[in-house]
Amino acid sequence: RAVVKRPTMCDAYGLTFYGIQKYLKSEGHLDWIPREDRGGAVVEMARAVQQGLGETLAMPNQGKDWLKEVASVANAADKHLIWTTPSGFIVEHVYQPVRQRRSYTELFNKKKFELVFANYYDGVNPNGQELGIAPNYIHSLDAAHMFLTLIRLMHKGIDSFSMIHDSYGVHAPDIDTMNECLRLAFIEIHKENVLETFKKDVEEYLGLPTPPVPNPGGGLDPRCVLESSYFFG
């Protein structure tokens, strides 16, 4: 479980084969292999993990690939993507062309620093937009989920929170209420196909058609989270 947890969590955010290798190394999963053989072992395990993710997450990956296709349509029109999240927040997905210059300096003649100076230009950075759309779209839904949860909690008179991205916290007596609000907000967001809404927003802004939304399949009813023992923490 420990070996595949990070790659599984990050797959939806556009995890690369190099990224899988990086996590295997940094988390020390193959430190028991002799150093001279460790590099090859990391590559082999990364291949196994990548194959497992491809099989297990086939449907989510269709959604990720579709988002990249939509980004390529926007790139061809030299436009940034714009959409509205379920909370009403308007996202402007801006990736501009950038030119970087690197400089090296020392502090007190001891510690060396690398400084990076960047100039941004008008237009679209197509590579950045295509690589960023899947993780940023998911983050926008996470943010909407938190906002809608907070609104429900405030309507119930709760005003003390500890929230970071997808980590939710309230005072102990309010946990049951928070759990209920979390689930109801999730159902509110996913009672309709969020990708269809995203498609309409993008097409309205671009004035161009985008590829058909992939068939979600499975027939998952979002109301099942009301019975889920583990949902968000």
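The values are calculated or read from the model by the stated rules, or taken from the named source; none is laboratory data. Keep in mind that this is a model prediction, so the values were computed, not measured. All Cβ positions, glycine included, derive from the backbone under ideal geometry; neighbour counts span all protein chains shown. Each accessible area value is taken on the protein alone, full model and side chains, heavy atoms only, with ligands, DNA and RNA left out. Shrake-Rupley method; radii C 1.70, N 1.55, O 1.52, S 1.80 Å.
The modelled label-to-label distance for the pair Lys111/Val94, using points 7 Å beyond Cα in the direction of Cβ, is 3.2 nm. For the chain, a Gaussian network of Cα nodes joined below 10 Å ranks Thr105, Thr149, Thr197 by mean-square fluctuation, and the top entry is Thr105. Checking the a/c ratio against 1.5 first, then a/b against b/c, what shape does the Cα gyration tensor give for the chain? It comes out rounded by the Cα gyration axes.
At what distance in angstrom do the alpha carbon centres of segment 84-147 and segment 17-38 lie from each other? So the two Cα centres are separated by 28 Å. Put Cys181, Cys10, Cys224 in order of accessible area, highest first, and with a 1.4 Å probe you get Cys224, Cys10, Cys181.
Subtracting the Cα-Cα distance of Gln62 and Thr177 from 0.36 nm times their residue separation leaves 37.9 nm of extension gain. Rounded to the nearest 10 square angstrom, Met59 shows an accessible area of 90 square angstrom against a 1.4 Å probe.
Order the peptides 80-87, 140-147 from the highest to the lowest mean number of other Cβ atoms within 10 Å of their residues. Can you show the working numbers first?
Working: 80-87: 20.1, 140-147: 18.6.
Top to bottom by mean Cβ count within 10 Å: 80-87, 140-147.
Where does the chain land at 222 nm, in deg cm²/dmol rounded to the nearest 500, when only DSSP H runs of n ≥ 4 count, each adding -39500 (n - 2.57), divided by all residues? Walk me through the intermediate numbers first.
Details: 7 runs with 120 residues, N = 233.
After summing the helix terms and dividing by the residues of the chain, the value is -17500 deg cm²/dmol.
Over 19 Å apart at the Cα level, from the set Lys68/Lys200; Lys5/Lys199; Lys64/Lys200; Lys25/Lys112; Lys68/Lys199, are Lys5/Lys199; Lys25/Lys112. Largest mean-square fluctuation among Gly128, Gly219, Gly39, in a Gaussian network model of the chain whose springs join Cα atoms under 10 Å apart, belongs to Gly219. Among Pro209, Pro34, Pro97, the residue with the largest mean-square fluctuation in a Gaussian network model of the chain, with springs joining Cα atoms closer than 10 Å, is Pro34. P(r) tail, segment 132-233: Cα-Cα pairs separated by more than 22 Å, 39% of all pairs.
In segment 1-66, how does Rg compare with the Kirkwood Rh, expressed as the Rg/Rh ratio over alpha carbon atoms? Can you show the working numbers first?
Values: Rg = 12.4 Å, Rh = 12.3 Å.
Rg divided by Rh gives 1.01.
Label-to-label distance for Asp142 and Met9 is 0.9 nm, based on points extended 7 Å past Cα in the beta-carbon direction.
Mean sequence separation of contacting Cα pairs (under 8 Å, at least six apart), scaled by the length of segment 80-233, corresponds to a relative contact order of 21 percent. The magnitude of the dipole of segment 1-94, with charges of +1 and -1 set on the Cβ of Lys/Arg and Asp/Glu and taken from the Cα centre, is near 200 debye. Specify which residue in the list Tyr120, Ile82, Ile138 is farthest towards the positive end of the charge dipole of the chain, using unit charges on the beta carbon of Lys, Arg (+1) and Asp, Glu (-1), about the Cα centre. Going by the charge dipole, the pick is Tyr120. Of the whole protein surface, Glu203 contributes about 50 Å² of accessible area at a 1.4 Å probe radius.
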